[in-house]
Amino acid sequence: MGKNILICDDAAFMRMMIKDILTKDGYQVVGEAANGAEGVEKYSQLKPDLVMMDITMPEMNGIDALKKIKEGDASANVIMCSAMGQQAMVIESIQSGAKDFIVKPFQAERVLEAVKKAIG
């Protein structure tokens, strides 16, 4: 079962929450990143099955990180998370190759539903 997931969020408590939801459901969190630049770097090192990516982060935002990851690996699975359910960001994320978009605060069921849809 153990699909490998990278969590990219500048808030440590959010990473912890997402990690908790995923590990309880049998997924393996192989790495965490606190900003987009770190997320891109860790993606190339760890080659996870999926990335949970926050949009608003320091250094490099999630949309730029998503584009960078997709440049290096067109088959990358990325789910975007953001507290701002701004239509434009959702559209840009999906157009840039995100598999799904989760608005914070999220329910565990919604996270798992998106993950299962993206990687099974």
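The values are calculated or read from the model by the stated rules, or taken from the named source; none is laboratory data. All of these numbers come straight from a predicted model, not from anything done at the bench. Here the Cβ positions follow ideal geometry from the backbone for every residue, glycine too, while neighbour counts run over all protein chains shown. Areas reflect the complete protein model, heavy atoms only, side chains present, ligands, DNA and RNA absent. Shrake-Rupley method; radii C 1.70, N 1.55, O 1.52, S 1.80 Å.
Here is how the numbers come out for the structure above:
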item	result
Listed residues L46, L66, L22, most fluctuating in the chain (Gaussian network, C-alpha, under 10 Å)	L46
Relative contact order for segment 45-91, counting Cα pairs under 8 Å that sit 6 or more residues apart, in percent	45 percent
Carbon + sulfur, % of accessible area of segment 1-92 - ligands and nucleic acids excluded, 1.4 Å	52 percent
For segment 74-119, alpha-carbon Rg over 2.2 N^0.38 Å	1.10
Dipole magnitude of segment 6-120, debye to nearest 20 (Cβ charges: Lys/Arg +1, Asp/Glu -1, about Cα centre)	260 debye
I55 accessible area, assembled protein chains, probe 1.4 Å, Å²	0 Å²
Rounded to the nearest 20 debye, dipole of segment 79-120 from Cβ charges on Lys, Arg, Asp, Glu	80 debye
Descending semi-axes in Å of segment 1-91, equivalent ellipsoid built from Cα gyration tensor	19, 16, 12
Residue-normalised accessible area of segment 1-109, expressed per residue, 1.4 Å probe, Å²	49 Å²
Mean Cα-pair separation over length for the chain, i.e. relative contact order, pairs under 8 Å, 6 or more apart, %	23 percent
